[in-house]
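The values are calculated or read from the model by the stated rules, or taken from the named source; none is laboratory data. If you're wondering where the values come from, they're calculated on a predicted model, not measured in any experiment. Note: ideal-geometry Cβ built from the backbone for every residue, glycine included; neighbour counts use all protein chains shown.
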Amino acid sequence: MTLFDEPVDPPAGWQRDHVERYVETDGADGHHWRGVPTLLLTTIGRRTGKARRTPLIYGRDGDRYLIVASKGGSDEAPEWYRNLVADPRVRIQVGADRIDGTAHTAAPDEKRRLWTVMTGIWPSYDDYQARTARDIPLIVIQATSG
């Protein structure tokens with residue numbers, strides 16, 4: 001058993017409902033949300049050391065998974081992003097598959113190419129970026145073995 005095996009889910013609300021449906025059905029209910037693919041990201045809390053799980057839209061770049069730390073265009077980064085910057089070990093659930101991985105923020109050249117992948121899935125990311133002076137990070141997750 002690892003820290004990732006007993007995550008804390010979001011507080012009551014639509015995100016928690018999404019996570020619960022996703023987990024209970026191995027993604028059969030929840031993998032697609034509003035017509036786009038979603039995964040469950042689990043990070044290790046930088047202050048608490050507890051695993052925290054969040055539903056997010058994702059894209060693919062070969063065997064890598066892509067997520068965006070938009071927080072709807074907020075001037076502050078989401079907590080899950082701050083957690084993975086402090087500890088890049090993550091677990092994602094994509095449908096029924098649970099995958100351990102390492103996350104990194106895409107470098108500017110890499111982000112330029114991958115941003116179009118993500119805005120092709122969720123065009124509102126461009127609107128979110130326009131709302132804030134913060135450069136919204138794009139995160140790349142690479143599966144780790146064993």
## Note on the structure
The lone condition Ile136 fails out of (1) touching a helix residue (DSSP H, G or I) at 6+ places or on another chain (Cβ under 6 Å); (2) in a loop (DSSP other than H, G, I, E, B); (3) without any contact (Cβ under 8 Å) to a residue 40 or more places away in the chain; (4) not aromatic (Phe, Trp, Tyr) is (3)
### Message
Can you find, within the stretch 57-77, the residue that is farthest from Gly27 (Cα to Cα) among those that are among the aliphatic types (A, V, I, L, M) and touching a helix residue (DSSP H, G or I) at 6+ places or on another chain (Cβ under 6 Å)?
### Response
Ala69
### Query
Name the pairs whose Cβ atoms lie under 7 Å apart, with the first residue in the stretch 104-124 and within 14 Å of Arg60 (Cβ to Cβ), the second surrounded by fewer than 17 Cβ atoms within 10 Å (Cβ to Cβ) and β-branched (Val, Ile, Thr), and 6 or more positions between them or separate chains?
Ile121/Val36; Trp122/Val36
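Rundown of residues vs (1) under 18 Å from Trp115 (Cβ atoms); (2) free of Cβ contacts under 8 Å to residues at least 60 places away in the same chain; (3) in a helix (DSSP H, G or I), yes/no style:
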| site | (1), (2), (3) |
| --- | --- |
| Glu20 | no, yes, yes |
| Asp26 | no, no, no |
| Gly30 | no, yes, no |
| Pro55 | no, yes, no |
| Ile67 | yes, no, no |
| Thr102 | no, yes, no |
### Task
Would you check if Val90 is at pLDDT 95 or above and either within 10 Å of the chain's Cα centre (by Cα) or assigned to a strand (DSSP E or B) (or both)?
yes
### Query
Leu66: within 15 Å of Ile136 (Cβ to Cβ) and of a type outside the set (Gly, Ala, Ser), yes or no?
yes
### Task
Specify the residue that is farthest from Val8 (Cα to Cα); the eligible residues are those in the stretch 96-118 that are of a type in the set (Gly, Ala, Ser) and crowded, with 17+ Cβ neighbours inside 10 Å.
Ala106
### Query
Looking at this structure, is Ala77 without any contact (Cβ under 8 Å) to a residue 12 or more places away in the chain and more than 29 Å from Met1 (Cβ to Cβ)?
no
### Task
Please specify each residue of the stretch 111-146 satisfying the condition of being closer than 16 Å to Glu76 by Cβ and either among the small types (Gly, Ala, Ser) or more than 14 Å from the chain's Cα centre (by Cα) (or both).
Tyr128, Gln129, Arg131, Thr132, Ala133, Arg134, Asp135
